[in-house]
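Colleague: Pasting a structure below so you can have a look.
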Amino acid sequence: MLHIYNSLTRKKELFTPQEAGKVGMYVCGITVYDYCHIGHARMFIVFDVLYRHLQALGFNVNYVRNITDVDDKIIARAAENNESVEQLTGRYIEAMLEDETALNVLRPSHEPRATAAIDDMIQLIQQLIDKGFAYAADNGDVFYSVSKFEHYGELSGRKLADMRAGERVAVDTNKEDPMDFVLWKSVKPGEPSWPSPWGDGRPGWHIECSAMAKSHLGEQFDIHGGGMDLQFPHHENEKAQSEAAHGHTFAHYWMHNGFVRVDEEKMSKSLGNFFTVREVLKLYSGEELRFFIINSHYRSALNYSTAQLDAARAAVQRLYTALRGTRDDAALGIDQTFIDRFEQSMNDDLNTAEAFAVLFDLATEINRLDDVESDQATVFANTLRALGGRLGLLQDDPETALQGLPSDDDSIDAAAIDALIAERDAARAEKNWQRSDEIRDQLTQAGITLEDSGGKTTWRRG
RNA sequence: GGCUGAAUGGCAGAGUGGCUAUGCACCGGAUUGCAAAUCCGUUUACCUCGGUUCGACUCCGGGUUCAGCCUCCA
């Protein structure tokens, strides 16, 4: 029985989909004007793990994650680069897909782009105006009237009065209430725009998600996710729009992943302390980065450091090392005891850290057996691979994974390594330990570790 | 100022009212030509002050420190 922490109620709750066997899930994706950083990667991976887990539990999952491809920052960046908005967003969407592939993130069922859903947004805004929840200002902007929606503040646990007291935004004179937020922005010279009943303009950020969620998942669906910082105002506003327009609950469970920090401070574009995914992938594999991210609970803060990535490398190596030499014979089946333990952990609000303990126990069991090709070892290996797969890990050939790691030293290639190993084997056969150790030292310097076991020498990076 | 959430061994990170997390690192042993990998074993903990309890790291209350949100943000 899956329990997930619902940000709306601030409690772990039993997960019950609105329709048996099916799950509708919407996650706020990114605004594409730059390369993805580790914080974005965490969101991709956390919800990818949830997606995989729901599927493993037998649910038919409709997973929607949007792409925001029109917004102030995109427009500004495109102008800076002297290119069109489409060129800019196209490039960064490509880059995002590359990063996701490297991190072994599954493609969601749908990845709608905001610019392709303008009609839906206009319709939704009109609905809000008709119902009295929104109003058009003289300048062509349309605003949502926060005070009309009695549940406003419910998701983020704030009261309107408190928010007004803490108001830090310059007051927009077109608004009736400083807390009101924009649904439609009237066009500015040189900016992309679409025709609407209120004049040419473009949508506000929050309405995008309300509209795209509705068109792919309906007015009500199961899970809505995103980064912690989206809880307010983005999700609060999204909820207010959708619930006011439709007259009933929007998402049943709200899930928010915690942040990645650098030196105990949030990693973000504005602070400039971010590391892009592709930057990190020069020295660590996507799998190592993925391990680092899901080694801790998705709601806790995660401090980024290379020491942590080194630890992730060692951990992933341990798992692949255990799989090395094992048979891949599905006919022998899996060990249900470990599967059950794993599922129990994952069902507890995605306790991936505890789930990893099960994988490491399996690794120990395999290592304990004298014969890695025995039926028992094969069952454990099958189980380890299967559970690894549920986390998006351990799907590579062990040898390939251990030898193909990114490294800052690529002075020596596989053929050269094999040649040196052959030479060393010859030296060892003659008990020429001096020459043998020389070769091993040379390889160690190049970041290659040799292992002599079972009369055979294997190598790995790191 | 308002609202959240944290504080666990050298590091990372789970969890529990009394019983081994796990990974990395360390130490001892096995194995190895020596290593590496692996196995066996050992050591190191629960921010602080009160309270509840036979017993609390775990529950309750105060305090301290840290982070996040309240503006665009995964």
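Colleague: So for chain A: antiparallel DSSP bridges make up what percent, rounded to the nearest 5?
Modeller: Around 55 percent antiparallel, to the nearest 5.
Colleague: Right, another one. Once both axes come from the Cα atoms, what is the angle between helix A:38-56 and the longest principal axis of chain A, in degrees from 0 to 90, rounded to 10?
Modeller: Helix A:38-56 and the main axis of chain A meet at about 80 degrees.
Colleague: Using the crude model of +1 on Lys and Arg Cβ and -1 on Asp and Glu Cβ, and no other charge, please compute the dipole size for the stretch A:36-90 relative to its Cα centre, in debye to 20.
Modeller: That gives a dipole near 380 debye.
Colleague: Taking Cα pairs under 8 Å and at least six residues apart, what relative contact order does chain A come out at, in percent?
Modeller: 16 percent
Colleague: Let me ask something else. Given bins 10 angstrom wide, list per bin the percent of all Cα-Cα distances in the stretch A:16-261, short to long.
Modeller: Histogramming the stretch A:16-261 at 10 Å steps yields 7, 30, 36, 22, 4, 0 percent.
Colleague: Please sort by residue number the trypsin sites (Lys or Arg not before Pro) in the stretch A:344-450 whose DSSP state is loop and whose Cβ has at most 16 other Cβ atoms within 10 Å.
Modeller: In loop regions of the stretch A:344-450 (DSSP not H, G, I, E or B), the sparsely surrounded trypsin sites (Lys or Arg not before Pro) are A:Lys431.
Colleague: Now, a different point. If A:Trp198, A:Trp205, A:Trp433, A:Trp184 are ordered by their accessible area, calculated over protein heavy atoms with a 1.4 Å probe, which sequence runs from highest to lowest?
Modeller: A:Trp433, A:Trp205, A:Trp198, A:Trp184
Colleague: Another question, then. Quick check: the angle from helix A:352-368's long axis to the longest principal axis of chain A, C-alpha only, nearest 10 degrees?
Modeller: Roughly 10 degrees, rounded to the nearest 10.
Colleague: Considering only protein heavy atoms and a probe of 1.4 Å, how much of the accessible area of the stretch A:414-461 is carbon and sulfur, as a whole percent?
Modeller: 47 percent
Colleague: Give me the accessible area per residue for the stretch A:228-275, probe 1.4 Å, as a whole number in Å².
Modeller: With the other protein chains kept in place, the stretch A:228-275 gives 36 Å² per residue.
Colleague: Karplus couplings for the stretch A:87-93 from phi (6.51 cos²θ - 1.76 cosθ + 1.60, θ = phi - 60°), rounded to Hz, Gly and Pro as x?
Modeller: Rounded to whole hertz, the list is 4, 4, 5, x, 5, 6, 5.
Colleague: So, one more: For A:Lys282, go through the lysines and keep the ones whose alpha-carbon is under 27 Å away, minus same-chain ones fewer than eight residues off.
Modeller: A:Lys266, A:Lys269
Colleague: Related question: Quick one: dipole size for chain A, taken about the Cα centre, charges +1 on Lys/Arg Cβ and -1 on Asp/Glu Cβ, in debye to the nearest 20.
Modeller: 740 debye
Colleague: Can you find, among A:Asn257, A:Leu230, A:Ser156, the residue farthest towards the positive end of the dipole of chain A? Put +1 on the C-beta of Lys and Arg, -1 on that of Asp and Glu.
Modeller: A:Ser156
Colleague: Starting from the stretch A:259-318, pick out the GluC sites (Glu not before Pro) whose DSSP state is loop and whose Cβ has at most 11 other Cβ atoms within 10 Å.
Modeller: A:Glu264
Colleague: Relative to the longest principal axis of the C-alpha atoms of chain A, give the angle of the C-alpha long axis of helix A:306-323, reported between 0 and 90° and rounded to the nearest 10°.
Modeller: Between the helix axis and the principal axis of chain A, the angle is about 60 degrees.
Colleague: Further question on the same structure: With each run of n ≥ 4 DSSP H residues scored as -39500 (n - 2.57), what mean residue ellipticity at 222 nm is computed for chain A after dividing by its residue count and rounding to the nearest 500 deg cm²/dmol?
Modeller: Result for chain A, helices only: -13500 deg cm²/dmol.
Colleague: Could you tell me which of A:Ala357, A:Gln344, A:Ile334 has its Cα farthest along the dipole of the stretch A:296-395 towards the positive end, charges placed at Cβ (Lys, Arg +1; Asp, Glu -1), taken about the Cα centre?
Modeller: A:Ala357
Colleague: Taking the solvent-accessible surface of protein heavy atoms with a 1.4 Å probe, what is the per residue accessible area of the stretch A:316-403 in Å²?
Modeller: Spelled out: the 1.4 Å probe surface of the stretch A:316-403, per residue, equals 42 Å².
Colleague: Is any residue of the stretch A:437-451 close enough, with backbone N under 12 Å, to a label point placed 7 angstrom from the Cα of A:Thr457 along the Cα-Cβ axis, and if so, which?
Modeller: Residues passing the 12 Å test: A:437-444, A:449-451.
Colleague: Determine, from the Cβ-Cβ distance of A:Ala419 and A:Ala79 and an R0 of 51 Å, the FRET efficiency 1/(1 + (r/R0)^6), rounded to the nearest 0.05.
Modeller: Working from the Cβ atoms, E equals 0.40.
Colleague: Also, I was wondering about something else. Any idea of A:Asp441's accessible area? Nearest 10 Å², probe 1.4 Å.
Modeller: 90 Å²
Colleague: Name the residue farthest towards the positive end of the dipole of chain A from the options A:Ile207, A:Ala422, A:Phe291, assuming +1 on Cβ of Lys and Arg, -1 on Cβ of Asp and Glu, about the Cα centre.
Modeller: Value computed over the given set: A:Ile207.
Colleague: OK, next. When you count, for each residue, the other Cβ atoms within 10 Å and take the mean per peptide, how do A:322-332, A:413-423 rank with the highest first?
Modeller: Top of the packing list down: A:322-332, A:413-423.
Colleague: Also, quick follow-up: Can you give me the Cα centroid spacing of the stretch A:257-336 and the stretch A:199-248 in angstrom?
Modeller: The stretch A:257-336 and the stretch A:199-248 have Cα centres spaced 31 Å from each other.
Colleague: May I ask what percent, to the nearest 5, of DSSP beta bridges between residues of the stretch A:134-285 are antiparallel?
Modeller: Antiparallel bridges: around 65 percent, rounded to the nearest 5.
Colleague: List, largest first, the extents of the alpha carbons of the stretch A:414-461 along their principal axes, each in whole Å.
Modeller: For the stretch A:414-461, the Cα extents along the three principal axes come out at 26, 21, 16 Å.
Colleague: Further question: What value in Å³ per residue do you get for the convex hull of the alpha-carbon atoms in chain A?
Modeller: For chain A, the hull spanned by Cα atoms encloses 158 Å³ per residue.
The values are calculated or read from the model by the stated rules, or taken from the named source; none is laboratory data. What you see is a predicted model; the values in this text were computed from it and never measured. Virtual Cβ from ideal backbone geometry, glycine too; neighbours counted across all protein chains shown. Heavy atoms of the whole protein, side chains included, go into the accessibility calculation; ligands, DNA and RNA do not. Shrake-Rupley method; radii C 1.70, N 1.55, O 1.52, S 1.80 Å.
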